[in-house]
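The values are calculated or read from the model by the stated rules, or taken from the named source; none is laboratory data. All values derive from a computational prediction rather than experimental measurement. Because the Cβ atoms are built from the backbone with ideal geometry, glycine has one as well, and the counts that use them run over all protein chains shown.
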Amino acid sequence: MLHPVIGRCPVCGDELAVTRLHCGSCDTQIEGRFQLGRFQRLTADQLAFVEVFVKNRGIIKDVEAELGISYPTVRARLDDALRAMGFPAGGEDDPRISPREARTQAREERRRILEELKEKQITADEAARRLAG
């Protein structure tokens, strides 16, 4: 049974590096330091959100409807996933987003993180890391 590749250390939350590759057909093994792709940097919740976002072709109203969340929550989750993947995300320094919208997004993101912590979907360390980020 194959397990999904994780991209973050379950102890400290830092990015993991792949050091060995193995071919199941011919038993070839390659050792070295290999970088994980951007998607392996995502948490399980972030990856699930990105899958819904892509499935709905980025149409935020459809994502809202499928997940039962508000527009600011969709934007906050998308920004969170973008940051985790190493891309710039909207924020107070983004000229396309008004300062009021950025504050609303930040409040909604904090609320979502605390809700995930309350529901035990994330650890206290993960919540602290995301709130600090």
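General remarks:
- Some residue of region 15-22 being under 20 Å from D125 (Cβ atoms), of a type outside the set (V, I, T) and modelled with pLDDT under 90: yes
- Residue within region 6-15 that is in contact (Cβ under 8 Å) with a residue 60 or more places away in the chain and either farther than 17 Å from E109 by Cβ or within 12 Å of the chain's Cα centre (by Cα) (or both) present: yes
- Check on R83, charged (D, E, K, R), crowded, with 16+ Cβ neighbours inside 10 Å and closer than 18 Å to T123 by Cβ: no
- Verdict on L36 being part of a loop (DSSP other than H, G, I, E, B), in contact with a Gly (Cβ under 9 Å, 6 or more places away or on another chain) and surrounded by 11 or more Cβ atoms within 10 Å (Cβ to Cβ): yes
- Those residues of region 99-125 which are in contact (Cβ under 8 Å) with a residue 40 or more places away in the chain and more than 18 Å from I69 (Cα to Cα), in sequence order: I122, D125
- Identity of the residue in region 24-48, among the basic types (K, R) and modelled with pLDDT of 85 or more, that ends up nearest to E119 (Cα to Cα): R38
- Complete set of residues in region 32-53 that are polar (S, T, N, Q) and more than 11 Å from the chain's Cα centre (by Cα): Q35
- Among residues that are under 30 Å from L2 (Cα atoms), in a loop (DSSP other than H, G, I, E, B) and at pLDDT 90 or above, R57 is included.
- Pairing each residue of region 45-61 that is surrounded by 16 or more Cβ atoms within 10 Å (Cβ to Cβ) with any residue that is assigned to a loop (DSSP other than H, G, I, E, B) and of a type in the set (A, V, I, L, M, F, W, C), provided the two are 6+ apart or on different chains, yields C-beta distances under 7 Å for V50/L42.
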